[in-house]
Each structure stands twice: as C-alpha cells, then as structure tokens.
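The values are calculated or read from the model by the stated rules, or taken from the named source; none is laboratory data. Since we're looking at a predicted model, the values are computed, not measured. Cβ placement follows ideal geometry from the backbone for every residue including glycine, while neighbour counts extend to all protein chains displayed. Calculation scope for accessible area: heavy atoms of the full protein, side chains included, ligands and nucleic acids excluded. Shrake-Rupley method; radii C 1.70, N 1.55, O 1.52, S 1.80 Å.
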Amino acid sequence: MRKQNIILITGMSGAGKTTAMSILEDMGYHCIDNLPVQLIEHLEEVMNEQADERYDNIALATTAIDYPKFLQYFQSLDVSVRVVFLDASDDCLLLRYKFTRRHHPMILAERATTLEEAIEVERDLFEELNDRAVLHIDTSKLDQSELKSVLMEKLALNQRPTFSITFVSFGFKHGVPLDADLMFDVRFLPNPYYIEELRHQTGDDQPVYDYVMSFDQTKDYIHYLQSFLDFVFVQYRQQNKNHLTIAIGCTGGHHRSVSIVNWLYKHYKNEYHCYKSHRDKKVG
C-alpha cells in the first residue's frame, strides 16, 4: 500500500462531523461519511487504487459505535491514521438536536430512550477512546467559518507536519474549553475589572496589559509558568504530538487571561508555530 494521508473524524453526535467533512472535502480530501462497518473490508481496495490520486488523502467519519472497529481495521493494515475528535458541551448538543429535530444515533440504536440519556451513553462510549485523538476540537462556540479555520490550520494538505501551540484565554464563568490539553487559573491575580477606567477594556488594550503585568505576583507566576511550559513543550514534541492547546482562565475572560495569553504568544511565537484565541473577550 502506498503512503497515504488518512483522517478519521469522530466525536459526539451534533458536534459537527458532517460540517467538518464538507470542509475537508473542499480542502481536497476524498470524504467517506459513515461508511457501513460491514463494508470496511472493501476499503483497502479503494485505498490501493493506484490510478486515482484522490485516494491519497482520505477522510472518514464514523460514530461512537463503529469507531473502535475502524481503529482496529487500520491497525491490522499497519496504516497511520490521524484521529480528529469533535466535542461540544452537553447543553450545546441538546440545543442543536432540539433545533434540527433529528434522531440521535443512540436512540435509533435503542441504547437510550431520551436525548439526555443518549448524550450520556455516547459520552461514556468515547470515554476510554478519547485519549487516542490527535486533534480534539470543542465546537461549542465555533461557527462554521471558525471550524474551517481550525481544520485548515491543522490538516491542510501539502504542508509539512509541525508542532504547533494554541494559547486560548477564557472565563471560568462561561465554562472551561473542552479541547484544552493544559489549563491554568489566573483568577488570583489583581483584577482590572475593579478599576473604573479599565473595566470596559480588555487585555488587548495596553493600559489593561500594563496593569496586569505590573504586579510582582504576575511576574513570579509567568516565571514559573514559562519554566514549566519550556519543559513540557519539549516533551510533547519528542512524543510526536502535533498540536497542544494551552488554556488560561480568569473570571470573565476579558482582562487577566487575555493579557497572559498575549504575553505567552509573543514569547513563544518565534520558537514554535503559535496561534492565539480569546474565546470570551467579546462575551458580556
């Protein structure tokens, strides 16, 4: 079998697998959505089709029930597969299903009788397998264009794989990011919210950034955090991890976390392929 680029898309129902597949198709992948597991043995014939270069880059989407069977199949072929796991908060999944009025796969498979139970059953099925995902994406607060940006950033064709880091700021009161690999709490730092002239600005504004960075505890925190990250980045890279998401949280996601993420991005961007995102900066 010739060398191929194979992406396996899975995750919670309602988290965006169908949308992700349409995006990957536009990116040049040959997409096969929900291939019946009974036909999986015929997949090797397609993958070995020498005359068709479309099959050099394949994306497959599968459900929680069939996901282990696909993994076992590719392992038997000794084929390297990158797994993308799409997730979203339970509340978000409930809203999406109520809006679309679609039937949940766990209900159709008679493994659950209510939507809430179906989500719980599916999450339990993924619990032991989720750590195999190369790329974990939380779509709770992503629209289609934002999901496209993430997928293009991580899975674009004709790019040499590289270790990349995303620094994301967030507010704990809006929920934690599900796709974070490492999460740090900066709520102990002095809060610009209580300074009248800084309250309606963010860590992207110089006065707020300077205020957060002016305190000794901020400087000490950054010193220890940098030492820790310097170490773990090297370790993750040696383990061939392609991407790492570092989440920094404060109360609202406007001031302290944004400032710290901006500092980290500026510090590491010349050493690693870095991205930054301020998830809750515009949330009231």
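For the pair the range 88-150 / the range 218-239, the C-alpha centres are spaced 33 Å from each other. Between the helical axis of 90-100 and the dominant principal axis of the chain, each derived from Cα atoms, what acute angle in degrees is found, rounded to the nearest 10? Its long axis makes an angle of about 60 degrees.
What do you reckon, how do E110, E122 stack up by accessible area (1.4 Å probe), largest on top?
On the way: E110 160, E122 0 Å².
Ranking E110, E122 by accessible area, largest first, yields E110, E122.
Answer rounded, prolate or oblate for the range 9-119, using the Cα gyration tensor with square roots of eigenvalues a ≥ b ≥ c: rounded when a/c is under 1.5, else prolate when a/b is larger than b/c, else oblate. Judged from the Cα gyration tensor, the range 9-119 comes out prolate (a/c at least 1.5, a/b above b/c).
Within the range 54-119, what whole-number % of the accessible surface is contributed by carbon and sulfur, with the 1.4 Å probe and all protein chains included in the calculation? Show your work: numbers first, answer last.
Details: 1820 of 3620 Å².
Summing carbon and sulfur atoms, their accessible area is 50 percent of the total for the range 54-119.
Overall, the accessible surface of the range 243-284 at a probe of 1.4 angstrom is composed of carbon and sulfur to the extent of 48 percent. By a 1.4 Å probe calculation restricted to protein chains, S257 has an accessible surface near 0 Å², given to the nearest 10. Within the listed set L77, L147, L155, the residue fluctuating most in the Gaussian network model of the chain (springs between alpha-carbon atoms under 10 angstrom) is L77.
Taking only the alpha carbons of the chain, we obtain Rg and Dmax values of 21.0, 67 Å in that order. Solvent exposure of the chain, expressed per residue, is 54 Å² of accessible area, with all protein chains present and a 1.4 angstrom probe.
Reachable lysines from K266, Cα under 23 Å, same-chain residues fewer than 8 places away excluded? Filter leaves K154, K219, K241, K276, K281, K282.
What is the magnitude of the charge dipole of the chain about its Cα centre, with +1 placed on the Cβ of each Lys and Arg, -1 on the Cβ of each Asp and Glu, and no other charges, expressed in debye to the nearest 20?
Details: 30 positive and 41 negative charges, 131 e Å.
With Lys and Arg at +1 and Asp and Glu at -1, about 620 debye.
Residues L244, L108 ordered from highest to lowest accessible area at a 1.4 Å probe: L108, L244.
Grab the DSSP H runs of the chain that are 4 residues or longer, score each as -39,500 (n - 2.57), total them, divide by all residues and round the 222 nm result to the nearest 500 deg cm²/dmol.
Numbers: 10 runs with 110 residues, N = 284.
That comes out to -11500 deg cm²/dmol.
Database remark: amide H of S277 closer than 5 angstrom to the amide H of F167, V168, S169 (H placed geometrically; neighbours at sequence offset of 5 or more, or on other chains; Pro and chain starts carry no H).
Between 0 and 90 degrees, the angle of helix 144-155 with respect to the longest Cα principal axis of the chain falls at about 80 degrees.
Modelled this way, with points 7 Å down the Cα-to-C-beta line, the labels at V46 and E153 are 3.0 nm from one another. The angle between the Cα long axis of helix 216-238 and the main principal axis of the chain comes to about 20°, on a 0 to 90 degree scale. Modelled spin labels at H174 and Q75, positioned 7 Å past Cα toward Cβ, are 3.9 nm from each other.
With the simple model of a label 7 Å out from the Cα in the direction of the Cβ, T114 to D220 spans 4.9 nm.
For D124, the accessible surface of its heavy atoms amounts to roughly 90 Å² (probe 1.4 Å, protein chains only, rounded to the nearest 10). Of the residues Q238, Q38, Q201, the one that moves most in a GNM of the chain with alpha-carbon contacts below 10 Å is Q38.
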